[in-house]
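Q: Below you'll find the structure I mean.
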Ligand code: PEP
Ligand code: MG
């Protein structure tokens, strides 16, 4: 598509970037994936804003510095929805000039909004910059990472409302109709999904973290990484539950994380009902090609069998037999 071509051609720096393309596979049957003309690019599915922090050597960027970055992003993707994730600091995302204090378990420690409780100004400056820049795009979305409970979401929504009120009082121009979403990446959020959905416009499933917390395994630790098993029925059943809950609510859902770009798993995810995937630029074509034209019914069937399988071996057998891609 033109958008993809211009984005890759004009900004090399974005190739290995915090930017994930939002790929919509709904029209796969009418637009053969072999064709680059099918408009399956739906926008920016995830902008990992922490990159603004981790790329610097000192000091948090000011509201103005952030505004300049978000403005560039919104202008470049003017015709498309742009989803900006609020800072997710902590866990694997460390900021060299900011200490989170001693932490034996960084992934279970001070991370994302847990930090805003101590430093609400981080959230306020960022959200102001995003809302100001968002005037320039057609569809602005903000994404709250690491939400565990409705209470945490309410807290951030209160901060958002107060930032808006403040800008209104100051006469600052900002985007009023921003869409709000949560990254479902902590298992506790799965079990209150309906309560969360009532307060949101969309959700995005952050499968890297969700599966890491689901299996209680650090994927980066070579001694235990084999316990990270995205195609295990235990993971597939959880993902299916999420897809169904979102579909019942009528709210939009995207899926991100590495499995969204895995040609072995994309057909199963598609069969489970996931149509919107957020993937790296590099993966766009292989993801499209992994769902062949006219395969919807067959994939639904395969996914249903995988979801009810009783072992990971059984899932592998179903996928191998269905002629899935090599692994
Ligand atoms: C995820 O957890 O799947 C996700 C998209 O966020 P990140 O990988 O940046 O933590
Ligand atoms: Mg995550």
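Q: Taking the options 66, 157, 103, 72, name whichever one is surrounded by 21 or more Cβ atoms within 10 Å (Cβ to Cβ), at negative phi and away from ligand 1 (no atom under 16 Å from the Cβ).
A: Only one candidate passes the filter, namely 66.
Q: Related question: Which of the residues belonging to region 97-142 are over 30 Å from residue 221 (Cα atoms), without any contact (Cβ under 8 Å) to a residue 12 or more places away in the chain and within 20 Å of the chain's Cα centre (by Cα)?
A: none
Q: Is it the case that residue 203 is within 16 Å of ligand 2 (Cβ to nearest atom) and either assigned to a strand (DSSP E or B) or in contact (Cβ under 8 Å) with a residue 60 or more places away in the chain (or both)? Walk me through how you get there before you give the answer.
A: Values: within 16 Å of ligand 2 (Cβ to nearest atom): yes; either assigned to a strand (DSSP E or B) or in contact (Cβ under 8 Å) with a residue 60 or more places away in the chain (or both): yes.
Yes, satisfied.
Q: Out of the residues in region 4-53 meeting the condition of being part of a helix (DSSP H, G or I) and modelled with pLDDT of 85 or more, tell me which one is surrounded by the fewest Cβ atoms within 10 Å (Cβ to Cβ).
A: It comes out as 51.
Q: Give me the residue from region 143-152 that is without any contact (Cβ under 8 Å) to a residue 60 or more places away in the chain and within 16 Å of ligand 2 (Cβ to nearest atom) and, out of that set, surrounded by the fewest Cβ atoms within 10 Å (Cβ to Cβ).
A: Ranking the qualifying residues of region 143-152, first place goes to 148.
Q: Could you go through region 217-228 and let me know if any residue there is within 13 Å of ligand 1 (Cβ to nearest atom) and modelled with pLDDT of 95 or more.
A: Yes.
Q: Criterion first (crowded, with 23+ Cβ neighbours inside 10 Å, within 16 Å of ligand 2 (Cβ to nearest atom) and touching a residue at least 12 places away in the same chain (Cβ under 8 Å)) does residue 190 satisfy it?
A: Numbers: crowded, with 23+ Cβ neighbours inside 10 Å: no; within 16 Å of ligand 2 (Cβ to nearest atom): yes; touching a residue at least 12 places away in the same chain (Cβ under 8 Å): yes.
In short, no.
Q: Related question: I need a count of the residues in region 237-274 that are surrounded by 21 or more Cβ atoms within 10 Å (Cβ to Cβ), more than 13 Å from ligand 1 (Cβ to nearest atom) and assigned to a loop (DSSP other than H, G, I, E, B).
A: Looking only at that region, the number is 2.
Q: Taking region 127-152 as the search range and keeping residues that are within 16 Å of ligand 1 (Cβ to nearest atom) and in contact with a helix residue (DSSP H, G or I) (Cβ under 7 Å, 6 or more places away or on another chain), which one is farthest from residue 71 (Cα to Cα)?
A: The qualifying residue farthest from residue 71 (Cα to Cα) is 148.
The values are calculated or read from the model by the stated rules, or taken from the named source; none is laboratory data. Just so it is clear, the model here is predicted, and its values are computed rather than measured. As a convention, Cβ positions derive from the backbone with ideal geometry for all residues, glycine included, and neighbour counts pool all protein chains shown.
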